[in-house]
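Scroll down for the structure; my scribbles are underneath it.
The values are calculated or read from the model by the stated rules, or taken from the named source; none is laboratory data. In this text the structure is predicted, and so the values were computed from the model without any measurement. Quick reminder, even Gly has a Cβ in these numbers, built from the backbone with ideal geometry, and neighbours come from all protein chains shown.
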Amino acid sequence: MMLRDGLVVSRLLKGREGEKTKFEMYYDFREPVALIPSHRMLAIRRGEEEKVLTFSIEIDEEQSLSYLNGQMIRDSRSVFAPYLEKSIKDSYSRLLNPSIQTEVRLALKRRADEEAIQVFDENLKNLLLAPPAGPITVIGIDPGMRTGCKVAVISETGKPLENTTIYPTEPRNDVAGATKTLMTLIQKYKISGIAIGNETGSRETEGFVRNMLREQKVEGVFCAVVNEAGASVYLASDIAREEFPDMDLTVRGAISIARRLQDPLAELVKIDPKSIGVWQYQHDVDQKRLKGGLDATVESCVNRVGVDLNTASFALLRYVAGINESVARKVVKYREEHGAFPSRQSLLNVSGFGGKTFQQAAGFLRIKKGENPLDATAVHPESYPVVEKMASSLGLKIAELIENVKVIQSLDMNRFVDEKAGVYTLSDIREELLKPGRDPREKFAVATFRKDVKEITDLQEGMVLEGTVTNVTNFGAFVDIGVQQDGLVHISELSNKFIKDPKEAVRVREVVKVKVLSVDVTMRRISLSRKALLSPAGTETKKGERKETQKAAGPPEPVRSTHCAQDKI
């Protein structure tokens, strides 16, 4: 009855009357146990832990007692009936109700954990599979005001080449010196992109860089703001100290920012997934279940994309199927001692890399320009003989078969079916030969922030801004619009059609246009909307501000919609 008909009731804790907190909407709140979503349940529980709220599960006492009396009292006319009624009421009040409340609270916690972990898994997957800028030479800038901006140049493979410090912002305002330094680096290393961290001083630094590129008429170099979520955890970690033992924390930060632009997946796997910051309640749910789910998500993403065996760090290699951290370290050590791996088969020379590990891992590891062209594809070594038969039947070399669309499409795959390769395996091989080593991630895109909006105080109702989705929850999506405080697009403002789940409308790292609905500077809350900027079909309209997103043929916007709302915490 409590699970079906009970109410979650939260109230402000006595003694805190008149206080304004982020839990204000829960000061006098009630919602059915059967319907309350995970984010509201977790918010109430956090409010209770922070000594702001108190909550209980309420149920109709008369209905409960009537049911219990009907079960226990056989003869209502008996002289003992009144005594039984008193006993039942006493046991209900003192024992049964508190006990069942505890059970229901635990059931709600488990349900909220499960739903929340699913949301976190989805957000993490979208973040890890965010479009990479690719193997380009990048300048990474870790913004700073008083201490300056740390600058690091990294090569196409992520190797640090040079680092320095510039002071283009307050208090020094050394724009000329910073311009000279960056222009020297751009010309010296043929830079393709500049990545700027999104923490304090980000907008001022971005404004300087964009003005510099425009005034110096620099062609072929783009500027992008990169989310630094979880960076502080990485910089102080054993992995960071091991990678850059002699470098200052801030220089490590600039390198990490640059690498996040090149390949978000390769850099983010170095951080504890729950510290990446794609959700609000990661510390409130069952930590063991959370870790298991997130580790599985990371492994799935890494294996889906594939790993370059000759450039990957041990932190990335450890998520490849069949490879643990110990084996990953041995692979990297062997590579450092003997040079690049010439083939997948040479992995068997690594101590601890046995046949079973090879069987599990080989298909997810790539070797570019290796001895065998198939080593750069997702075709497993066990299937190499099949591909050799295909090429031989056409009188071609394997290299001549790969990406030869006309020839591959003319092949009758049924001819190559045997005990080791069935129809489905051959179909996968065919697709891989058509697009070898294809990256499942979408094309790279960068949001452009408005130049006149740098702080939350610069925002005005009705402004149309471009931003990047940083987090998707059950109640909406958070968007970075360049003011060091993400704005919330509530589920009711995400789309012009009804949706049950915000993930139907947006995903983490998507570039979107939003309209400012309201701004609370004191509580640092920004309310945004997308509905006014969407056509009936759910795509962004041409009206409003000119679209300035730097992108390479990005995907069309997904369908959006409307929803009934009540929570905006």
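Being in a loop (DSSP other than H, G, I, E, B) and modelled with pLDDT of 90 or more is the filter; apply it to the range 452-480 and report the residue that is surrounded by the most Cβ atoms within 10 Å (Cβ to Cβ). Full working, then the answer.
Of all residues in the range 452-480, those in a loop (DSSP other than H, G, I, E, B) come to 452-455, 459-463, 474-475.
Now drop any that are not modelled with pLDDT of 90 or more, which leaves 459-463.
Details: LEU459: 21, GLN460: 9, GLU461: 10, GLY462: 9, MET463: 18.
Among those residues, the one meeting the criterion is LEU459.
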Cross-chain or 6+ apart pairs with Cβ under 6 Å, the range 424-439 first and at positive phi, then modelled with pLDDT of 90 or more: GLY437/ARG366; GLY437/ALA376; GLY437/THR377
Would you check if there is a residue in the range 493-505 being of a type in the set (Phe, Trp, Tyr) and either more than 15 Å from the chain's Cα centre (by Cα) or in a loop (DSSP other than H, G, I, E, B) (or both)? yes
GLU493 vs (1) modelled with pLDDT of 85 or more; (2) within 23 Å of ALA445 (Cβ to Cβ); (3) acidic (Asp, Glu); (4) surrounded by fewer than 23 Cβ atoms within 10 Å (Cβ to Cβ): all pass except (4)
If I go through the range 105-163 residue by residue, how many of them are under 22 Å from the mean Cα position of the chain (by Cα), at pLDDT below 95 and small (Gly, Ala, Ser)? 6
Which numbered condition in (1) closer than 23 Å to GLY293 by Cα; (2) surrounded by fewer than 17 Cβ atoms within 10 Å (Cβ to Cβ) is the only one that GLU85 fails? (1)
Considering residues that are in a helix (DSSP H, G or I) and polar (S, T, N, Q), the number found within the range 224-238 is 1
Going through the range 434-448 one residue at a time, which ones are of a type in the set (A, V, I, L, M, F, W, C) and within 21 Å of the chain's Cα centre (by Cα)? PHE444, ALA445, VAL446, ALA447
Across the range 322-342, the tally of residues that are more than 20 Å from ILE239 (Cβ to Cβ), exposed (fewer than 15 other Cβ atoms within 10 Å of the Cβ) and of a type outside the set (Asp, Glu) stands at 3
Kindly list, by first and then second residue, each pair from a residue in the range 225-244 that is under 22 Å from THR311 (Cβ atoms) to a residue that is of a type in the set (Phe, Trp, Tyr), limited to pairs with Cβ atoms under 7 Å and residues at least 6 apart or on different chains. ALA240/TYR234
Are there helices (runs of 4 or more DSSP H) fully within the range 351-447 with at least 3 residues that are over 30 Å from GLN262 (Cα atoms)? List them. 384-393, 398-401, 405-410, 423-434
Given the conditions (1) without any contact (Cβ under 8 Å) to a residue 40 or more places away in the chain; (2) acidic (Asp, Glu); (3) crowded, with 22+ Cβ neighbours inside 10 Å, which single one is not true for GLU206? (1)
Can you tell me which residue is nearest to PHE444 (Cα to Cα) among those in the range 89-132 that are surrounded by fewer than 14 Cβ atoms within 10 Å (Cβ to Cβ) and among the acidic types (Asp, Glu)? GLU103
Answer from ALA229, ALA224, ALA240 - the residue that is of a type in the set (A, V, I, L, M, F, W, C) and at pLDDT below 85: ALA229
Of (1) surrounded by fewer than 15 Cβ atoms within 10 Å (Cβ to Cβ); (2) farther than 19 Å from VAL9 by Cα, LEU65 fails just (1)
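Conditions tested, residue by residue: (1) touching a strand residue (DSSP E or B) at 6+ places or on another chain (Cβ under 7 Å); (2) of a type in the set (Phe, Trp, Tyr); (3) over 20 Å from ARG335 (Cα atoms); (4) surrounded by 20 or more Cβ atoms within 10 Å (Cβ to Cβ).
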position	(1), (2), (3), (4)
ASN349	no, no, no, no
LYS356	no, no, yes, no
ARG366	yes, no, no, yes
LYS369	no, no, no, no
